[in-house]
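Beneath this line is the structure, given in C-alpha cells, with notes to follow.
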Amino acid sequence: MKTAGVILAVAASLALQTTLTRYLRGVGLDFVLVAVVYVALTSGPSAGLLAGALAGLVQDALSAGLIGIGGLAKTVVGFLAGIVGTQFIVVHALPRFVVFFAATVVHAVVFMGLYAVLDLRHFGTPYATVAGQAAGNALIGVVAFQLVELLPGAVERRRAAKSRPRR
C-alpha cells in the first residue's frame, strides 16, 4: 500500500470515527484501529507501525486524554498485526476475524495497562466491554476487507457491461 493510500485510510477512518461517535456512543467501535490493522495486514509490519503511530497520535490529539498512550498502543498493534500478516496466511474471513479480534484485545491491554502503570486511570475489569468491542471491530474489519476486495472487480464488471453493445 502506498503512502498516500495509508494516509487516506487513516484520514477516512478518523473522519468516520469522529462522525459516528455520537451515534454509536454505547457500542465502542474503533474504526481507526480497524484501519491500522488493515494497513498492517496488507502492507506489512513497517507500514502497520507507521500507520499506527500516525493514527494513534492524531486520535490522541483529537481526544481529551494523554497524548501518546493511544499512539503507542496503536503502534504496537500495527507492528504485531503486520508480523502476523507476513508469517501466517490471513486471506479468509475466519483468520482475519481472529487477527482483528486479537488486535483489539492487545490494544486494550496496552492502552489500559499504560494508564494503570502511570496511575492516571483505573479501568476495573472491563472484560465484557473489551470482548464486545473486539467482536465489533473484527466484524467491521472482515466486512471492510470483503468490500475492498470486491470493489475493483465491481468497477471492471460495470465498465465491461457499459462497453457491450445493446441489442
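The values are calculated or read from the model by the stated rules, or taken from the named source; none is laboratory data. These numbers were taken from a predicted model, which means no experiment stands behind them. Here the Cβ positions follow ideal geometry from the backbone for every residue, glycine too, while neighbour counts run over all protein chains shown.
A few remarks follow.
- Of all residues making up the range 66-101, the number that are part of a helix (DSSP H, G or I) and either surrounded by 19 or more Cβ atoms within 10 Å (Cβ to Cβ) or touching a residue at least 12 places away in the same chain (Cβ under 8 Å) (or both): 25
- Residue in the range 110-125 that is over 22 Å from Gln59 (Cβ atoms) and either in contact (Cβ under 8 Å) with a residue 60 or more places away in the chain or part of a helix (DSSP H, G or I) (or both) present: no
- Selection within the range 52-61: residues that are touching a residue at least 24 places away in the same chain (Cβ under 8 Å) and over 10 Å from the mean Cα position of the chain (by Cα). The member of this set that is farthest from Pro95 (Cα to Cα) is Val58.
- Close pairs from the range 17-31: first within 16 Å of Ala103 (Cβ to Cβ), partner among the hydroxyl-bearing types (Ser, Thr, Tyr), Cβ under 8 Å, at least 6 apart: Gly28/Thr129; Asp30/Thr104; Phe31/Ser13
- Pick from the range 51-65, criterion surrounded by fewer than 21 Cβ atoms within 10 Å (Cβ to Cβ) and part of a helix (DSSP H, G or I), ranking: modelled with the lowest pLDDT: Leu62
- The number of residues in the range 115-161 that are farther than 27 Å from Ala12 by Cβ and surrounded by 13 or more Cβ atoms within 10 Å (Cβ to Cβ) comes to 3.
- Candidates Ala9, Ala15: the one that is surrounded by fewer than 18 Cβ atoms within 10 Å (Cβ to Cβ) and assigned to a helix (DSSP H, G or I) is Ala15.
- Reported count of residues in the range 106-144, each being farther than 14 Å from Val36 by Cβ, among the aromatic types (Phe, Trp, Tyr) and in contact with a helix residue (DSSP H, G or I) (Cβ under 8 Å, 6 or more places away or on another chain), is 2.
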